[in-house]
Each structure stands twice: as structure tokens, then as C-alpha cells.
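Trainee: Got a structure for you, questions after.
The values are calculated or read from the model by the stated rules, or taken from the named source; none is laboratory data. No experiment lies behind these values; they were computed from the predicted model shown. Glycine also receives a Cβ, built like all others from the backbone with ideal geometry; neighbour counts cover every protein chain displayed. Side chains included, ligands, DNA and RNA excluded: accessible areas come from the protein's heavy atoms. Shrake-Rupley method; radii C 1.70, N 1.55, O 1.52, S 1.80 Å.
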Amino acid sequence: MGFNPFQLMQFQEMLETFRQNHPKFPLFLQAVGSHAIQEGTIIELTVKTPDEKNYCTNLRLTSSDVELLQGLLNRNT
């Protein structure tokens, strides 16, 4: 997999636009990352489409999940 600086720049611009459009979401992720990433935590995701379809799932974090998530969080700080 090659490193493409142009694609990285595009991704950073898209990420900044997302942050501007949804300013509370990064704060939510920061709070979750600081306080809720522990074994046994249940993460639930619900998606509701404009035409009223619902998709929902959940997962209970295992120790390996926690290790992965903490590694990702520490990498981005």
C-alpha cells in the first residue's frame, strides 16, 4: 500500500468538514474514550434512514477490544 500525500490531504479536509458539521460528536468520542473504554462496556449503534428503516447492533467490549481501542486512541494523541 503506497502513501499518497494528496489523498491524505483530502481526507484531512473531509475530516475537518465533518467536525464543523457535527461539533458535538468529537467531544462525545473524547468523553467515551476517556471514561467508557473498559472490558464489559456495551457499545450500541443505531442507524435510522430518512425512509424510517432502522438498523441496530451492539457489542460487549472484550479485553482485546479494549487493547485495540486504547492503541488507536493513543496513536491519535
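Trainee: In the set 10, 20, 38, which member is surrounded by 10 or more Cβ atoms within 10 Å (Cβ to Cβ) and without any contact (Cβ under 8 Å) to a residue 12 or more places away in the chain?
Mentor: Answer to the selection: 10.
Trainee: Give the residue that is most open to solvent (accessible area, probe 1.4 Å), with candidates limited to residues of segment 60-73 that are within 14 Å of the chain's Cα centre (by Cα) and over 17 Å from residue 28 (Cα atoms).
Mentor: Across segment 60-73, the extreme among qualifying residues is 68.
Trainee: Being farther than 25 Å from residue 15 by Cα and either surrounded by 11 or more Cβ atoms within 10 Å (Cβ to Cβ) or within 14 Å of the chain's Cα centre (by Cα) (or both) is the filter here, so list the residues in segment 41-59 that pass it.
Mentor: Selection gives 41, 59.
Trainee: Also, quick follow-up: Tally the residues that are at pLDDT below 95 and either in contact with a Phe, Trp or Tyr (Cβ under 8 Å, 6 or more places away or on another chain) or of a type in the set (A, V, I, L, M) (or both), restricting the search to segment 26-65.
Mentor: 6
Trainee: To continue, here is another question. What number of residues within segment 25-35 are of a type in the set (Gly, Ala, Ser) and surrounded by 10 or more Cβ atoms within 10 Å (Cβ to Cβ)?
Mentor: 2
Trainee: Now a separate question. Can we say residue 2 is on the phi < 0 side of the Ramachandran plot and either touching a residue at least 60 places away in the same chain (Cβ under 8 Å) or part of a loop (DSSP other than H, G, I, E, B) (or both)?
Mentor: Criteria met by residue 2.
Trainee: Let me ask something else. Residues of segment 41-70 being assigned to a loop (DSSP other than H, G, I, E, B) and either in contact with a Ser or Thr (Cβ under 9 Å, 6 or more places away or on another chain) or hydroxyl-bearing (Ser, Thr, Tyr) (or both), which ones?
Mentor: Passing the criteria: 41, 49, 61, 62.
Trainee: Pairs under 9 Å by beta carbon, first residue acidic (Asp, Glu) in segment 52-77, partner open to solvent by 70 Å² or more (accessible area, probe 1.4 Å), six or more apart or different chains?
Mentor: 65/39; 65/59
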